[in-house]
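Written out below as structure tokens is the structure these notes cover.
A short reminder: the numbers here are calculations on the coordinates, not readings from a lab. Note that the structure is a prediction, hence the values are computed from the model and not measured. FYI the Cβ positions are ideal-geometry reconstructions off the backbone, even for glycines, and counts take in every protein chain you see.
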Amino acid sequence: MKVLVPVKRVIDYNVKPRVKMDGTGVDLANVKMSMNPFDEIAVEEAIRLKEKGVATEIIAVSIGEQKAQETLRTALAMGADRAILIVSETEVEPLGVAKLLAKIVEEEAPGLVILGKQAIDDDSNQTGQMLAALTGRPQGTFASKVEVEGDTVKVTREVDGGLETVSLKTPAIVTTDLRLNEPRYASLPNIMKAKSKPLVQKTPADYGVDVTPRLKTLKVSEPPKRSAGIKVADVDELVAKLKAMGVAA
Amino acid sequence: MKTLVWVEHEGGAIKDATLSAITAASKLGEVHLLVAGEGIGAVADAAAKIAGVGKVHVADGAAYGHALPENVAPLIVDLMGHHDAFLAPATANGKNIAPRVAALLDVMQISEILSVESEDSFTRPTYAGNAIATVQSSDAKKIITVRGTAFEKAAREGGSGTIEAVSGAGDAGLSSFVGAEISKSERPELTSAKIIVSGGRALQNSENFHSVIEPLADKLGAGVGASRAAVDAGYVPNDYQVGQTGKIVAPEVYIAVGISGAIQHLAGMKDSKTIIAINKDEDAPIFQVADIGLVADLFKAVPELTEKL
Ligand SMILES: Cc1cc2nc3c(=O)[nH]c(=O)nc-3n(C[C@H](O)[C@H](O)[C@H](O)COP(=O)(O)OP(=O)(O)OC[C@H]3O[C@@H](n4cnc5c(N)ncnc54)[C@H](O)[C@@H]3O)c2cc1C
Ligand SMILES: Nc1ncnc2c1ncn2[C@@H]1O[C@H](COP(=O)(O)O)[C@@H](O)[C@H]1O
């Protein structure tokens, strides 16, 4: 079966985001950008399914600026077979992304779509669930284990109290959690090879999808700042502080 | 405005995060609830007693037993015919269900709101809580998840809601529940604990985590949390993780032991009232947010602290 993996280009997770002075957003000029960490995990999972002979072809897709090509090349270098870039110079919200992905699902009929559980920039945690709704497919979100068995997929999920396992009829939608796997690094020869793998470019209009945002950002501000407090010299002083706070008798 | 809140319950008890979602809903208008599950008469009765609640819609049936979104979302979509906003707690289950409802209604969800600014605008955290966005929704209906730590809990008593049975389509036939491995603990649940002691990679292994962190937590009657590094390394189960992609906590006192203070960890705990950090590296970023810092080797300092309390 085919596996579709949506990958988003986001601020690198090691960079501390800075809010712009004018309150319109986060400053991304000259900031290192990378593939969303959860999407790396999704690509890795797809590759492992291919290595096991379960997946036959891996298609990576990204919606974003021209530069998202780099993110797709990374996916190709890791092991995806081909890529689709849907170019939009303005931000597309999860609902718009899910609608575009639903069109690709219609065209490509993948047995599994593996997304990240959350993009670390908008922290929305909704695209996968939305795609599942729009395609009428079951969803296994926050996956820490994915086992394809015939025409079902068993997904172990990270939930608030621990772990939960559900069984889904394929075709299905899965979103990754951190402990699903450890993504590989692309080797230099594979990075070179990725340059000649197919990458097609489309626009939202090609799919007839209206991606006009539904949410308007009125303002972006920094969270209330915490300032560093005091340092205590030893445990005795810490005990005294805790007692003064009423935390300990 | 009429709002519908999805009630999360476990073992017959309504979860605290739902009470916060109800408070958020009450800022928008009339509050109605949906209780879905199997054999949930008592939960429905408890829901009707929550202060400020109007109607309680109850869907009782095997298909609704494990909060499977494929079965629960259509129920909510039906009820949204006569509600203007849907709210769910931003818990694992709430996050699983709400976006499915949103897409079925062609609405862009507003995730993890921190405040209700008006009928259509809300604040929400982005970039691991480093940027707080105020967003305005142009959708006719609002689909919202609510960060529990940002709203007071509605009172469990004082309401007199009316109970109404709803029948839904039942099992969509797409998914089934196989099983769960739920951690059992006598300690307070992380998201409602008043004090939390969290351990990081520095604990080195599971034995140390249990022998160093837990006695301190027990002495303080505290919940126990962990950094991602400690969870990844298998010292403790996944449900201990605090952070951008783990649990969001805001206790009275948060004690971070051997945790460096990566932005992803801070995202989950920096709204705690008092933060205490114990770390042997005086330059660890955690000290930039800590109210009280102790630069020391945790293997010496924590047992000593536990003993002296
Ligand atoms: C997409 C993504 C999501 C993430 N989500 C989360 C999340 O939700 N929660 C989370 O916590 N992390 C998350 N992380 C991981 C995060 O970036 C850090 O890697 C992690 O928080 C580090 O854990 P730590 O502080 O325990 O380990 P380290 O960074 O290794 O810190 C260990 C600390 O212990 C101190 N130390 C060592 N020995 C001693 C000793 N004997 N006594 C006292 N101090 C000692 C060291 O000085 C150091 O500061 C995420 C990362 C990514 C990419
Ligand atoms: N612009 C995009 N392009 C490709 N994939 C995306 C995009 N936005 C979101 N996704 C996918 O949806 C997941 C969840 O994103 P979100 O719902 O925004 O938190 C991500 O981890 C990606 O797999």
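Treating r as the C-beta distance of residue B:307 and residue B:153 and R0 as 30 Å, the FRET efficiency rounds to 0.30. Modelled this way, with points 7 Å down the Cα-to-C-beta line, the labels at residue A:236 and residue A:170 are 6.7 nm from one another. Averaged over peptide B:116-127, the number of partner chain Cβ atoms lying within 10 Å of each residue's Cβ comes to 4.
For an R0 of 22 angstrom, estimate the FRET efficiency from the Cβ-Cβ distance between residue A:65 and residue A:184 and round to the nearest 0.05. Spell out each step's value before the answer.
Numbers: r = 26 Å, r/R0 = 1.18.
After rounding, the FRET efficiency stands at 0.25.
If you run the Gaussian network model on chain A, springs between alpha carbon atoms under 10 Å, then out of A:177, A:123, A:236 the most flexible one is A:236.
Here the Gaussian network model covers chain B, with springs between Cα atoms less than 10 Å apart; of B:198, B:185, B:260, B:185 fluctuates the most. Between helix B:92-104 and chain B there is an angle of about 40 degrees, using the helix long axis and the longest principal axis of the Cα atoms.
Which GluC sites (Glu not before Pro) from the stretch A:67-159 combine a DSSP loop assignment with at most 13 other Cβ atoms within 10 Å?
Passing both the DSSP loop test and the Cβ count: A:89.
For the protein assembly as shown, the square roots of the Cα gyration tensor eigenvalues, ordered a ≥ b ≥ c, give a/c of at least 1.5 with a/b no greater than b/c, which places it in the oblate category.
On full extension of the chain, what length is gained from residue A:212 through residue A:18, given 0.36 nm per residue of separation minus the C-alpha to C-alpha distance? Display every interim value, and only then the final one.
On the way: separation 194, 0.36 × 194 = 69.84 nm, distance 2.62 nm.
Gain on extension, residue A:212 to residue A:18, equals 67.2 nm.
Its alpha carbons considered, the stretch B:2-110 gives a radius of gyration followed by a Dmax of 12.4, 34 Å. Summarising the label geometry, the points placed 7 Å from Cα in the beta-carbon direction at residue A:192 and residue B:84 lie 6.4 nm from one another. For the residue pairs B:15/B:273; A:216/B:49; A:103/A:197, alpha carbon separations beyond 30 Å are given by A:216/B:49.
Classify the stretch B:210-295 from the C-alpha gyration tensor, please: rounded if a/c falls under 1.5, else prolate or oblate depending on whether a/b exceeds b/c.
Verdict is rounded for the stretch B:210-295.
Too long at a 24 Å Cα-Cα cut-off: which of A:2/A:145; A:169/B:184; A:117/A:195; A:8/A:50? Exceeds cut-off: A:169/B:184; A:117/A:195. The GluC sites (Glu not before Pro) of the stretch B:1-95 that meet both conditions, a loop assignment by DSSP and at most 14 other Cβ atoms within 10 Å of the site Cβ, are B:38.
Test of understanding: in a Gaussian network model of chain B with alpha carbons linked when under 10 Å, which of B:96, B:205, B:279 would top the mean-square fluctuation ranking? Looking only at B:96, B:205, B:279, the biggest GNM fluctuation is shown by B:205. With a cut-off of 15 Å on the backbone N, the residues of the stretch B:53-82 near the modelled label site 7 Å out from residue B:163 along Cα-Cβ are B:54-61. The largest-to-smallest principal axis extents of the Cα set in chain B are 60, 39, 38 Å.
Relative contact order for the stretch B:1-87: what is it in percent, counting Cα pairs under 8 Å that are at least 6 residues apart? List each step's numbers first, then the result.
Details: 146 pairs, mean separation 31.8, N = 87.
Value for the stretch B:1-87: 37 percent.
Legend: residue pairs A:225/B:194; A:241/B:194; B:153/B:247, Cα-Cα distance threshold 19 Å; pairs beyond threshold, A:225/B:194. Classify the stretch A:45-104 from the C-alpha gyration tensor, please: rounded if a/c falls under 1.5, else prolate or oblate depending on whether a/b exceeds b/c. It is oblate, given that a/c is not under 1.5 and a/b is not larger than b/c. Legend: mean number of C-beta atoms from other chains within 10 angstrom of residue C-beta atoms, peptide A:92-98, equals 3.
Annotation for the stretch B:201-294: trypsin sites (Lys or Arg not before Pro) lying in DSSP loop with at most 16 further Cβ atoms inside 10 Å of their Cβ are B:273, B:280. Please report the spacing between the Cα centers of the stretch B:250-309 and the stretch A:177-224 in Å, no decimals. Between the Cα centre of the stretch B:250-309 and that of the stretch A:177-224, the gap is 36 Å. Each principal axis of chain A carries a Cα extent, and these read 65, 44, 40 Å when sorted largest first. Over the residues of chain B, the helix contribution to mean residue ellipticity at 222 nm works out to -7000 deg cm²/dmol, using -39500 (n - 2.57) for each DSSP H run of at least 4.
Please compute the average number of Cβ atoms from other chains found within 10 Å of each residue's Cβ in peptide B:282-294. Don't skip to the end; give the middle numbers.
Working: counts 1, 0, 0, 1, 1, 3, 5, 5, 5, 7, 9, 6, 8.
Partner Cβ neighbours, averaged per residue: 4.
Roughly how many whole Å is it from the C-alpha centroid of the stretch B:163-229 to that of the stretch A:114-168? Here the answer is 20 Å between Cα centres.
Taking the number of Cβ atoms within 10 Å of each Cβ as an exposure proxy, the fewest-first ranking of A:185, B:64 is A:185, B:64. When the inverse distances between all different Cα atoms of the stretch A:21-158 are averaged and flipped, the Kirkwood radius reads 16.0 angstrom.
Seen from all sides and averaged, what is the projected area of the convex hull of the Cα atoms in the stretch A:94-179, in nm²? Mind showing how you got there, number by number?
Working: hull surface 21.9 nm².
Approximately 5.5 nm², given one-decimal rounding.
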